[in-house]
There are 2 protein chains.
Amino acid sequence: MSHLICYHHNRFASLEDVSVPVNDLGYQRGYGIFDFLRVAGETPLYVDDHLNRFFYSAEAMHLPVKQTREELLQIIRQMISVNRLPYSGIRIMLSGGSSPDGYQITAPNLVIVQVPLTPPPDQLLLPGYKVVTYAHQRQMPHVKTTDYLMAIWLQPWVKEQGADDVLYHQNGIVSEFPRSNFFLVADEQTLVTPAHHILHGVTRKQILQVANAQGMKVIEKDITMEEIRSAKEAFISSSTKRVIPIRQLDEIRFAPYTAASITAQLFGWLQQHELATAARA
Amino acid sequence: MSHLICYHHNRFASLEDVSVPVNDLGYQRGYGIFDFLRVAGETPLYVDDHLNRFFYSAEAMHLPVKQTREELLQIIRQMISVNRLPYSGIRIMLSGGSSPDGYQITAPNLVIVQVPLTPPPDQLLLPGYKVVTYAHQRQMPHVKTTDYLMAIWLQPWVKEQGADDVLYHQNGIVSEFPRSNFFLVADEQTLVTPAHHILHGVTRKQILQVANAQGMKVIEKDITMEEIRSAKEAFISSSTKRVIPIRQLDEIRFAPYTAASITAQLFGWLQQHELATAARA
């Protein structure tokens with residue numbers, strides 16, 4: 001992996017030559033943003049959406065980006081072409097950079113790395129995840145910051161519960177998973193997902209689009225535990241696995257998923273949508 | 001500064017040779033803790049309190065420390081003796097370390113650096129700070145994490161308000177500043193400071209001790225804006241500046257501070273306490 005080419009200090013470099021000083025605000029103060037996109041062969045998937053969000057996050061956090069959007073795209077394409085990985089992810093990281101007083105932003109630090117990935121599964125992951133809920137609201141949820149303090153801290157507890165992931169909630173309203181979005185299939189025709197206090201996932205957006213194109217009603221709104229209890233199906237949208245059905249949420253158990261489930265149909269539609277997007281690129 | 005000796009990967013090294021990989025959870029996920037103590041000549045001040053809090057933070061965040069308390073103390077003393085700085089600070093950082101999947105803690109990363117400081121002022125900083133309030137509650141406030149996302153993000157806004165620092169509040173109760181604690185002098189005999197949802201500062205502890213030793217009543221409790229309005233004086237406790245009087249908090253203005261102010265007396269007592277502690281070390 002260490003022979004991979006990445007991008008740092010405005011030039012390409014080998015991954016083994018890339019590190020950050022301990023006084024980078026990203027390390028010393030947890031001040032940074034990033035984005036992560038999948039690459040299929042030569043194609044960076046939904047790269048426009050990811051770059052849109054990257055620039056949005058950077059601006060929201062007062063982190064100027066020296067490179068233009070076109071330059072970033074060019075860098076990403078060049079990395080892909082040199083590294084020649086069959087399936088991978090690109091992580092674009094922007095942190096506060098070295099700070100003389102450990103507090104003031106002077107020169108943000110941009111690092112772009114490519115990492116090998118296993119392709120997402122061809123079929124819906126069955127029997128699906130068991131998830132648990134936890135009362136927490138991410139700070140600045142609409143920005144893709146590097147703040148995963150609670151997410152990583154909760155991992156031992158999640159495992160103790162025999163669970164695969166944790167869904168945050170606050171004041172009776174659920175929001176999102178640490179790294180993915182939450183969806184309910186309220187009935188065969190209706191898809192519901194939280195509207196507020198969440199990160200707007202790129203996969204979330206694709207799901208809303210394909211569901212809408214397939215004639216489903218898509219609703220973005222606050223979701224309570226009562227609504228989860230009466231839902232038909234529930235799933236997680238994930239950039240690396242697309243869609244993961246939820247078999248159990250706290251004590252709520254959902255009926256087994258089959259190829260006829262709405263969640264499985266959405267998975268298939270999403271897969272088609274992705275193939276068509278890659279073919280067009 | 002780059003010739004300074006620091007400690008990393010279980011050995012001493014030059015600061016210029018020390019950096020962290022981009023997949024360290026401290027950089028990639030903002031997952032880390034630290035502590036910071038002042039050093040006067042050869043004396044690490046209140047080092048027991050700082051090491052207590054460091055080990056508490058590490059355990060709270062599931063970050064095992066390879067070194068014993070005695071080994072850390074020995075490393076700190078050796079750095080001080082080699083670097084020979086007249087006045088400085090020691091920063092002990094412990095992050096999640098390199099993670100193959102960017103999520104699981106495998107081997108935490110310990111870095112100890114020494115940085116030159118200007119000694120704290122000899123006298124109370126006058127006319128004191130203007131501070132503004134902002135609705136926010138730090139996650140895991142009792143742990144000294146590297147999460148300063150909100151603190152750094154707020155800096156441009158704080159400056160726009162013509163203010164020097166920002167006091168967090170939530171549900172009508174004030175808590176703390178991003179890097180320091182808050183105190184009220186309710187009357188000549190009574191010192192009040194927030195009890196909950198705060199980091200327990202080492203300087204805060206010293207202030208409570210010296211105030212108590214001087215016969216003041218010290219109260220740790222929830223503080224509302226109404227109580228601030230009716231207080232006689234207000235100040236910030238800071239590890240680098242000891243005590244900073246507050247001249248204005250939002251629209252609340254306090255009477256000018258003089259050498260006869262309780263805040264000035266506390267500053268003097270704290271200074272004496274520190275000199276006595278250094279002399280005993």
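The values are calculated or read from the model by the stated rules, or taken from the named source; none is laboratory data. As the structure is a computational prediction, the values presented were derived from the model and not from experiment. Neighbour counts are summed over all protein chains in view; Cβ atoms, including those assigned to glycine, are modelled from backbone coordinates with ideal geometry.
Those residues that are in contact with a helix residue (DSSP H, G or I) (Cβ under 6 Å, 6 or more places away or on another chain) and outside any loop (DSSP other than H, G, I, E, B), I need them from the range A:85-111; list them, please. Those that are in contact with a helix residue (DSSP H, G or I) (Cβ under 6 Å, 6 or more places away or on another chain) and outside any loop (DSSP other than H, G, I, E, B): A:ILE90, A:ILE92, A:LEU94, A:SER95. On the basis of being out of contact with any Lys or Arg (no Cβ under 6 Å at 6 or more places or on another chain) and buried (at least 20 other Cβ atoms within 10 Å of the Cβ), does A:ILE198 make the cut? When the stated conditions are applied, A:ILE198 passes them. Selection of the range B:91-110 for residues being more than 18 Å from the chain's Cα centre (by Cα) and hydrophobic (A, V, I, L, M, F, W, C) yields B:ILE105, B:ALA107, B:LEU110.
Taking the criterion of being of a type outside the set (A, V, I, L, M, F, W, C) and either in the same structural domain as A:ALA60 (by TED's automatic domain parsing) or out of contact with any Ser or Thr (no Cβ under 9 Å at 6 or more places or on another chain) (or both), the residues of the range A:129-146 that qualify are A:TYR129, A:LYS130, A:THR133, A:TYR134. If you check B:VAL20, B:VAL47, B:VAL39, B:VAL82 for being aliphatic (A, V, I, L, M) and either modelled with pLDDT under 95 or under 30 Å from A:LEU154 (Cβ atoms) (or both), only one passes: B:VAL20.
Looking across the range A:95-119, the residues that are away from chain B (no Cβ under 11 Å), more than 30 Å from A:ALA264 (Cβ to Cβ) and without any contact (Cβ under 8 Å) to a residue 60 or more places away in the chain come down to A:THR106, A:ALA107, A:PRO108. Restricting attention to the range A:15-74, the residues being away from chain B (no Cβ under 14 Å), within 16 Å of the chain's Cα centre (by Cα) and over 18 Å from A:LEU4 (Cα atoms) number 12. On inspection, A:ASP48 does not qualify as charged (D, E, K, R) and touching a strand residue (DSSP E or B) at 6+ places or on another chain (Cβ under 7 Å). Against the conditions (1) at pLDDT below 95; (2) buried (at least 17 other Cβ atoms within 10 Å of the Cβ); (3) closer than 30 Å to B:THR258 by Cα, B:GLY89 satisfies every one except (1). For A:PRO245, are the conditions met, namely being within 12 Å of A:LEU124 (Cβ to Cβ) and in a loop (DSSP other than H, G, I, E, B)? The answer is no for A:PRO245. If you go through the range A:58-86 and pick out every residue that is under 17 Å from A:GLY26 (Cα atoms) and either surrounded by 13 or more Cβ atoms within 10 Å (Cβ to Cβ) or free of Cβ contacts under 8 Å to residues at least 24 places away in the same chain (or both), you end up with 7.
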